[in-house]
Every structure is written in structure tokens, then in C-alpha cells.
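The values are calculated or read from the model by the stated rules, or taken from the named source; none is laboratory data. It should be emphasised that the depicted structure is a prediction, and the values quoted were computed from it without experimental measurement. Cβ: placed from backbone, ideal geometry, glycine included. Neighbour counts: every protein chain shown. Note: areas computed on protein heavy atoms with side chains; ligands, DNA, RNA excluded. Shrake-Rupley method; radii C 1.70, N 1.55, O 1.52, S 1.80 Å.
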Amino acid sequence: MAVNLERLKELAKPRNERAQRRFQEWMESAWLTYSQDIALALHYYMRVNEMTQRELADKMDVSPVYVGKLLKGNENLTLETICKIESVLGEKLLCVVKPYEKAQIIQLVQPYQASPDVEFSPVYSKSLKAKNRCQHSNVRLCAYC
């Protein structure tokens, strides 16, 4: 059997730039880091609870082969899978920032001073007194925007 050296050289040539770039992007992808962190969490959970892959698969309602893929840390997980893992672990793995729920600190400049003959509703009067108390004690009010 003769060896075709030309064919062998073509097969053994280095990767093209596009393939190298795709490999580098894959290595630097954020989901891969998250997947590896989740895999470490699963390994820890299994070790602490003396659990096998099959038992974990039964709890997550997935196949043991899929649990093996998860434990390697190379699997691009869906939100459904992450939720299954969180329910099994009993802890949150990912946190979503909700900027619409963040408290912003508002510094009161001057409390409203009404003349004695002005009458306010009881609700507004209470809030006005509370704001004045906070202003005088140099406490900042937190409000959701």
C-alpha cells in the first residue's frame, strides 16, 4: 500500500485563520465560564451529599448521560436546565440585575414649610412630617424610581 504524501500534507496543514479565530472566541465565551462554574457547583453538591450521577439525573429528571455532559463544563445550558439545577441544589446559581428595582438615594434639599393657616390631608401631613424628621437628622431617604 503506497502512501499519498500530497494528501497527507493537505490533511496535516495548520488550521486556517477563521478556524483559529472561532476557536479563540469559543475559549473566551462567557457562557463557557458560567457552564464551568455550574459544573463545579454540581460536583461540590454531589460530593457533599454523597450522590451519584444517576441519582442527580433522577432528581433533575434528565438522563445520566446529560448529567455527565453538565459535569464536564462544556455544555451551553438553557434557562430551563439552570432552573432544574437550582431547584435540586436549593440555591440560586445566577442573578439577574434589575435596574428598575434599585433604590436610589435622594437627598432632600429643604423641607416644605407651610404657613400655619394651611391645612393638609392627614396622609400628606404624615409624609411631610416624616420627610422633615429625616431632613433634620441628616438621614437620606431611599426611593424606588
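Values computed for the structure shown
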| quantity | calculated |
| --- | --- |
| Accessible surface of Thr78 - all protein chains present, 1.4 Å probe, nearest 10 Å² | 70 |
| Heavy-atom accessible area order for Lys98, Lys9, largest first, 1.4 Å probe | Lys9, Lys98 |
| Distance between modelled label sites at Ala30 and Lys72, nm, 7 Å Cα→Cβ extension | 2.5 |
| Residue-level accessible surface for Glu25, protein heavy atoms, 1.4 Å, Å² | 110 |
| Modelled label reach - Glu80, point 7 Å along Cα→Cβ, the stretch 26-60 residues with backbone N closer than 12 Å | none |
| Sequence-distant aspartates and glutamates (8 or more away, or on other chains) whose Cα lies within less than 13 Å of Lys84 | Asp58, Asp61 |
| Near-label residues of the stretch 54-81 by backbone N, under 15 Å of a point 7 Å along Cα→Cβ of Leu40 | 71-74 |
